[in-house]
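Below is one structure, written out as structure tokens; the observations come after it.
The values are calculated or read from the model by the stated rules, or taken from the named source; none is laboratory data. This structure is a prediction, so every number in the text was calculated from the model and none was measured. Note: ideal-geometry Cβ built from the backbone for every residue, glycine included; neighbour counts use all protein chains shown. Ligands, DNA and RNA are excluded from the accessible area calculation, which covers all protein heavy atoms including side chains. Shrake-Rupley method; radii C 1.70, N 1.55, O 1.52, S 1.80 Å.
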Amino acid sequence: LWLLESVTLSLIVVSILYSLRDSMTFDYYLTHFLPSQELKIDLINLVWSPTDAVLFFTAVFLGLIMLLTIMIRLVSVLFLERMDVWQAANYVIWSFAALLFILPAGAILFRLLETPDFMVPSLVFVALGVLWSLQRLLGALRIGLGTSAWRVYLMAIVAAGFLVFGGAALLNHELGTLAYMDHYRGVLGTP
């Protein structure tokens, strides 16, 4: 189940990256957000080789699911109900089992993203599946940690905010992200 979920997420990411392979905007963002030219070249080669990309991103998602399991285990020490690693892994893996309904769409997503009429509906379909899985995980954590829903959702919002603002601060410090984004919007003439 863990492997199937990772393959599903990998197919989605690879399909989106493959549909952006000729995009100048995507190339600009890669140039700006990746610190080295070698890393950018490796990622571009990976995008142009979907089989290798699926294998690579499957391994990445296997690791991310394991990392999420460990984080949930560590956060559980803040609550009265403690959970061990196996219980945290069960919550994560069974909550993300909802992604498996996307697997058939994930296999043809690269074609859907190349068809303008199907691009937005397919991305909405995928986003709803991911949100449903996250909601299932938060519901399972509410029961497993023996706490209220607002505490679990607040914990998730704080964690997401920490990741987003921490990543933005790091990128702004290392690469001047905010200045480049203002420049890029000015060049493109977008508000």
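When the residues of region 83-109 are filtered to those that are open to solvent by 70 Å² or more (accessible area, probe 1.4 Å) and either of a type outside the set (A, V, I, L, M) or in contact with a strand residue (DSSP E or B) (Cβ under 7 Å, 6 or more places away or on another chain) (or both), which remaining residue is farthest from GLY146 (Cα to Cα)?
Selected residue: PRO104.
Give VAL77, VAL120 a once-over and let me know the one that is more than 27 Å from SER15 (Cβ to Cβ), assigned to a helix (DSSP H, G or I) and open to solvent by 70 Å² or more (accessible area, probe 1.4 Å).
Numbers: VAL120 fails: more than 27 Å from SER15 (Cβ to Cβ).
Exactly one residue qualifies, and that residue is VAL77.
For (1) out of contact with any helix residue (DSSP H, G or I) (no Cβ under 9 Å at 6 or more places or on another chain); (2) at pLDDT below 85, each residue gets a yes or a no:
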{"residue": "ASN45", "(1), (2)": "no, no"}
{"residue": "MET66", "(1), (2)": "no, no"}
{"residue": "VAL92", "(1), (2)": "no, no"}
{"residue": "ALA107", "(1), (2)": "no, yes"}
{"residue": "ASP117", "(1), (2)": "yes, yes"}
{"residue": "LEU123", "(1), (2)": "no, yes"}
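Looking at the structure I just gave you, is THR31 among the hydroxyl-bearing types (Ser, Thr, Tyr), more than 26 Å from LEU112 (Cα to Cα) and modelled with pLDDT under 90? Don't jump to the end; show me each part of the working.
Working: among the hydroxyl-bearing types (Ser, Thr, Tyr): yes; more than 26 Å from LEU112 (Cα to Cα): yes; modelled with pLDDT under 90: yes.
Yes: the conditions hold for THR31.
Could you please let me know if ARG82 is assigned to a helix (DSSP H, G or I) and either within 18 Å of the chain's Cα centre (by Cα) or basic (Lys, Arg) (or both)?
For ARG82, the condition - assigned to a helix (DSSP H, G or I) and either within 18 Å of the chain's Cα centre (by Cα) or basic (Lys, Arg) (or both) - is not met.
For region 10-21, indicate whether the set of residues that are of a type outside the set (Asp, Glu) and closer than 28 Å to ARG142 by Cβ is non-empty.
Here is the first cut: in region 10-21, the ones of a type outside the set (Asp, Glu) are 10-21.
Filter once more, so that each one left must be closer than 28 Å to ARG142 by Cβ: 12.
Scanning region 10-21, I find at least one residue that is of a type outside the set (Asp, Glu) and closer than 28 Å to ARG142 by Cβ, so the answer is yes.
Which residues, taken from region 137-191, are at positive phi and at pLDDT below 65? Lay out the reasoning, then the answer.
Taking region 137-191 first, the residues at positive phi are 146, 176, 189.
Listed by number, the list holds a single entry, GLY189.
Which members of region 21-58 meet the condition of being open to solvent by 60 Å² or more (accessible area, probe 1.4 Å) and among the hydrophobic types (A, V, I, L, M, F, W, C)?
Hits for region 21-58 are MET24, PHE33, LEU39, ILE41, TRP48, LEU55, PHE56.
Go through (1) closer than 17 Å to VAL92 by Cα; (2) in contact (Cβ under 8 Å) with a residue 40 or more places away in the chain; (3) under 17 Å from the mean Cα position of the chain (by Cα) one by one and return the number of the condition PHE57 breaks.
That leaves (1) as the condition not met.
Filter region 111-155 down to residues that are in contact (Cβ under 8 Å) with a residue 12 or more places away in the chain and among the aromatic types (Phe, Trp, Tyr), then give me how many there are.
3
Pairs only if they're at least six apart or on different chains, beta carbon under 8 angstrom, first in region 21-40 and touching a residue at least 60 places away in the same chain (Cβ under 8 Å) and within 24 Å of ALA169 (Cβ to Cβ), second part of a helix (DSSP H, G or I) and open to solvent by 40 Å² or more (accessible area, probe 1.4 Å); list them, first residue then second.
Pairs that qualify, where the first residue is touching a residue at least 60 places away in the same chain (Cβ under 8 Å) and within 24 Å of ALA169 (Cβ to Cβ) and the partner is part of a helix (DSSP H, G or I) and open to solvent by 40 Å² or more (accessible area, probe 1.4 Å), are HIS32/LEU175; HIS32/TYR180; PHE33/LEU171; PHE33/LEU175; PRO35/GLU174; PRO35/LEU175.
Scan region 123-153 residue by residue and report those that are loosely packed, with under 14 Cβ neighbours inside 10 Å, farther than 24 Å from THR58 by Cα and of a type outside the set (S, T, N, Q).
Listed by number, the residues that qualify are ILE143, GLY146, ALA149, TRP150.
In region 5-20, which residue that is under 22 Å from GLY63 (Cα atoms) and hydrophobic (A, V, I, L, M, F, W, C) is surrounded by the fewest Cβ atoms within 10 Å (Cβ to Cβ)?
ILE16
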